[in-house]
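Chemist: Handing you a structure now.
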Amino acid sequence: MKDILLAVLREQVQPATGCTEPVAIALACAYGRAALTGEITEVSLITSKALFKNASSVGIPGTKEKGIEVAAALGLVAGDRTLGLRIFEMMNAADLALAKSFLATGKLKKGYLAVDNPVYVKVLLTTTEGKAEVIIKGKHDAVVSLSVNGIEQINQQQEEFITSNLQLSKYPLEDILTAVASMPLASLEFLAIGVEMNLEVAEYGLKNQAGLGIGAGVQLLIKKGILGNDLLNRIKSWVAAASDARMSGVNLPVMTSCGSGNQGFMITIPLYLVAKENAKTHSELLYALATAHLVNAYIKEFMGKLSPICGCSTSAGGGLAAGIVQLLGGTNSQAAGAVNTLLASLVGTLCDGAKSTCSLKLETAAGEALLYALLAIENIMVEEKVGVVALEIEETFANLGRLSKIGMENTDDIILQIIEAQ
């Protein structure tokens, strides 16, 4: 099992620059443009509803611009597909000018449709020299199909890109939590890089009052003595500041969790601060990080990569709660209890797109995860079948999946109608 868990971590904890939904759009466009010469005459961009929702209002790194069109145009005129999830990192003002000039031609058309996977981008590119079709599916950097003038150059099944995380639900959560503690420490060192990356983004958000400024605002209230300078409020401030910066388009790489930078923040920053507050060792922090990322991936397997329910609040929040319990010496049953309690509290939090207000949800969920983890260590937790919460944690996850995929099937439609009417 340890090999499977390490494969999941390697697959799901990766660096990215910018929100990964615009990244996926730019990457698909870059693949199409690299496959064709000639002048662009038409571009058709189709995404899933969930990806369209998340890419509509979020900042593009280094541009002070937002949205789907800019992301696509940058991918077409300046995208280096070899950079993968960090495709925006090397772009500059000249690239943005080219992108805006292209958009002014009106050659880009965009839309969305109902598909079987929430992570889905399809680009149909026509130039004076031919046509190319690119499909990204399942993961934000998984190009499963590329054809040029009707000839397939890439034809991969989604499962070839995503194999390890599909195996997690075969095991009880208890077994996974137990296995983490015996993983070779050296194999987890890459997780520490994510902590350093994400702390740098949080520091930027605090110093520059980036985005909505929630993180910097909480810090200001602490300095004024209105809020206490305690661990809970520091966690709220730092995790919100990181999201403030990222959602506004800061050009810094972040370490993601399950394809989401905000979920990466939710896991790495609070665990670092808890470890520092409690004088925990580097190795103890690494094991807690592994636990949190894996619980996030485990829950995601039920609710989906992109969901009408906020993944930062639920899956990453649950992962954080379990990681804190593990870090502070709690038991596996207490970790599961903390996750159950967190879900009982925050299961109704909607994902209404990636945008500046994500920082509000992060600071709320991070604070609740700490509270429920500390309560669980005191054996205060939800231990009855009530609402979506079940006695067995795996059944709770299954209920969450049913709620997300069936009960809220039309939620993204309504959110998109609201977004498009603004």
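Chemist: Tell me, which helices (runs of 4 or more DSSP H) wholly within region 330-422 include 2 or more residues that are touching a residue at least 40 places away in the same chain (Cβ under 8 Å) and under 26 Å from Pro270 (Cβ atoms)? Don't jump to the end; show me each part of the working.
Modeler: Numbers: elements: 332-346, 358-377, 393-402, 411-421.
In region 330-422, the matching helices (runs of 4 or more DSSP H) lie at 332-346, 358-377, 393-402.
Chemist: Taking the options Ser145, Ser101, Ser187, name whichever one is more than 30 Å from Gly323 (Cα to Cα), under 24 Å from the mean Cα position of the chain (by Cα) and open to solvent by less than 80 Å² (accessible area, probe 1.4 Å). It would help to see each step written out before you state the result.
Modeler: On the way: Ser101 fails: under 24 Å from the mean Cα position of the chain (by Cα); Ser187 fails: more than 30 Å from Gly323 (Cα to Cα).
Going through Ser145, Ser101, Ser187 in turn, just one is more than 30 Å from Gly323 (Cα to Cα), under 24 Å from the mean Cα position of the chain (by Cα) and open to solvent by less than 80 Å² (accessible area, probe 1.4 Å): Ser145.
Chemist: Now for a different question. How about region 1-38: which of its residues are open to solvent by 50 Å² or more (accessible area, probe 1.4 Å) and within 30 Å of Thr128 (Cα to Cα)?
Modeler: Passing the criteria: Arg33, Ala34, Thr37.
Chemist: Still on this model: Report whether or not Tyr272 is out of contact with any strand residue (DSSP E or B) (no Cβ under 9 Å at 6 or more places or on another chain), open to solvent by 10 Å² or more (accessible area, probe 1.4 Å), of a type in the set (Phe, Trp, Tyr) and part of a helix (DSSP H, G or I). Reasoning before the result, please.
Modeler: Details: out of contact with any strand residue (DSSP E or B) (no Cβ under 9 Å at 6 or more places or on another chain): yes; open to solvent by 10 Å² or more (accessible area, probe 1.4 Å): yes; of a type in the set (Phe, Trp, Tyr): yes; part of a helix (DSSP H, G or I): yes.
Here the answer is yes, as Tyr272 does meet what is asked.
Chemist: Further, regarding this structure: Condition first: within 17 Å of Leu125 (Cβ to Cβ) and part of a helix (DSSP H, G or I). Now tell me which residues in region 78-89 satisfy that. Let's see the steps before the verdict.
Modeler: First pass over region 78-89, keeping only residues within 17 Å of Leu125 (Cβ to Cβ): 78-81, 87.
Correct list: Ala78, Arg81.
Chemist: Still on this structure, please answer the following. Quick check on my filter: what residues within region 99-129 are in a strand (DSSP E or B) and polar (S, T, N, Q)?
Modeler: First, the residues of region 99-129 that are in a strand (DSSP E or B): 108-113, 120-127.
Those that are in a strand (DSSP E or B) and polar (S, T, N, Q): Thr126, Thr127.
Chemist: Tell me which of these Gln219 doesn't satisfy, since it passes every other one: (1) more than 18 Å from the chain's Cα centre (by Cα); (2) open to solvent by less than 40 Å² (accessible area, probe 1.4 Å); (3) not aromatic (Phe, Trp, Tyr).
Modeler: (2) is the only condition that Gln219 fails.
Chemist: Does any residue in region 274-298 that is of a type in the set (Gly, Ala, Ser) come within less than 7 Å, Cβ to Cβ, of a residue that is outside any helix (DSSP H, G or I) six or more places away or on a different chain, and which pairs are these?
Modeler: Ala290/Met183; Ala297/Cys258
Chemist: Now for a different question. Restricting region 25-56 to residues that are polar (S, T, N, Q) and more than 27 Å from the chain's Cα centre (by Cα), which is modelled with the highest pLDDT?
Modeler: Thr41
Chemist: Here's a follow-up. With the requirement that a residue be over 16 Å from the mean Cα position of the chain (by Cα), of a type outside the set (A, V, I, L, M, F, W, C) and farther than 18 Å from Tyr372 by Cβ, what does region 253-291 give you?
Modeler: Tyr272, Lys276, Lys280, Thr281, His282, Ser283, Glu284, Tyr287
Chemist: Of these, Ile193, Ile214, Ile226, which one is of a type outside the set (S, T, N, Q), free of Cβ contacts under 8 Å to residues at least 12 places away in the same chain and open to solvent by 30 Å² or more (accessible area, probe 1.4 Å)?
Modeler: Details: Ile193 fails: free of Cβ contacts under 8 Å to residues at least 12 places away in the same chain; Ile214 fails: free of Cβ contacts under 8 Å to residues at least 12 places away in the same chain.
None of the other options fit; the residue is Ile226.
Chemist: Separate question: When you go through (1) within 25 Å of Lys300 (Cα to Cα); (2) touching a Ser or Thr at 6+ places or on another chain (Cβ under 8 Å); (3) assigned to a helix (DSSP H, G or I) one by one for Leu96, which number turns out not to apply?
Modeler: (1)
Chemist: Being open to solvent by less than 10 Å² (accessible area, probe 1.4 Å), of a type in the set (Val, Ile, Thr), in contact (Cβ under 8 Å) with a residue 12 or more places away in the chain and closer than 26 Å to Ser243 by Cβ narrows it down to one residue among Ile176, Ile136; which is it? Please lay out each step first, then the result.
Modeler: On the way: Ile176 fails: closer than 26 Å to Ser243 by Cβ.
From the options Ile176, Ile136, the qualifying one is Ile136.
Chemist: Anything in region 378-389 that is surrounded by 12 or more Cβ atoms within 10 Å (Cβ to Cβ) and either hydroxyl-bearing (Ser, Thr, Tyr) or modelled with pLDDT of 95 or more (or both)? List them, or say none.
Modeler: Of everything in region 378-389, those that are surrounded by 12 or more Cβ atoms within 10 Å (Cβ to Cβ) and either hydroxyl-bearing (Ser, Thr, Tyr) or modelled with pLDDT of 95 or more (or both) turn out to be Asn379, Ile380, Met381.
Chemist: Let me ask another. Kindly evaluate Glu69 against the criterion of being touching a Ser or Thr at 6+ places or on another chain (Cβ under 8 Å) and not polar (S, T, N, Q). If you could, list the steps in order and put the result at the bottom.
Modeler: Numbers: touching a Ser or Thr at 6+ places or on another chain (Cβ under 8 Å): no; not polar (S, T, N, Q): yes.
Taking the combined requirement at face value, the residue does not satisfy it.
Conditions (1) open to solvent by less than 70 Å² (accessible area, probe 1.4 Å); (2) small (Gly, Ala, Ser); (3) under 30 Å from Lys405 (Cα atoms), marked per residue:
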{"site": "Ala93", "(1), (2), (3)": "no, yes, no"}
{"site": "Ala97", "(1), (2), (3)": "yes, yes, no"}
{"site": "Gly111", "(1), (2), (3)": "yes, yes, yes"}
{"site": "Val119", "(1), (2), (3)": "yes, no, yes"}
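Chemist: If a residue has to be open to solvent by less than 10 Å² (accessible area, probe 1.4 Å) and within 21 Å of Ile419 (Cα to Cα) to count, how many in region 39-49 make the cut?
Modeler: Just the residues of region 39-49 that are open to solvent by less than 10 Å² (accessible area, probe 1.4 Å), to begin with: 43, 45, 47-48.
Of the ones still in play, those that are also within 21 Å of Ile419 (Cα to Cα) are 45, 47-48.
Summing the residues that are open to solvent by less than 10 Å² (accessible area, probe 1.4 Å) and within 21 Å of Ile419 (Cα to Cα) in region 39-49 gives 3.
Chemist: Another question, then. In region 52-91, what residues are open to solvent by less than 20 Å² (accessible area, probe 1.4 Å), in contact with a strand residue (DSSP E or B) (Cβ under 8 Å, 6 or more places away or on another chain) and closer than 20 Å to Lys107 by Cβ?
Modeler: Phe52, Ala55, Ile60, Gly67, Ile68, Val70, Ala71, Ala72, Ala73, Leu74, Leu76 - these are the residues of region 52-91 that are open to solvent by less than 20 Å² (accessible area, probe 1.4 Å), in contact with a strand residue (DSSP E or B) (Cβ under 8 Å, 6 or more places away or on another chain) and closer than 20 Å to Lys107 by Cβ.
The values are calculated or read from the model by the stated rules, or taken from the named source; none is laboratory data. Just so we're clear, the structure is a prediction, and the values are computed from it rather than from any experiment. Every residue, glycine as well, gets a Cβ built from its backbone with ideal geometry; the counts of neighbours run over all protein chains shown. These accessible areas exclude ligands, DNA and RNA; they are computed on the full protein's heavy atoms, side chains included. Shrake-Rupley method; radii C 1.70, N 1.55, O 1.52, S 1.80 Å.
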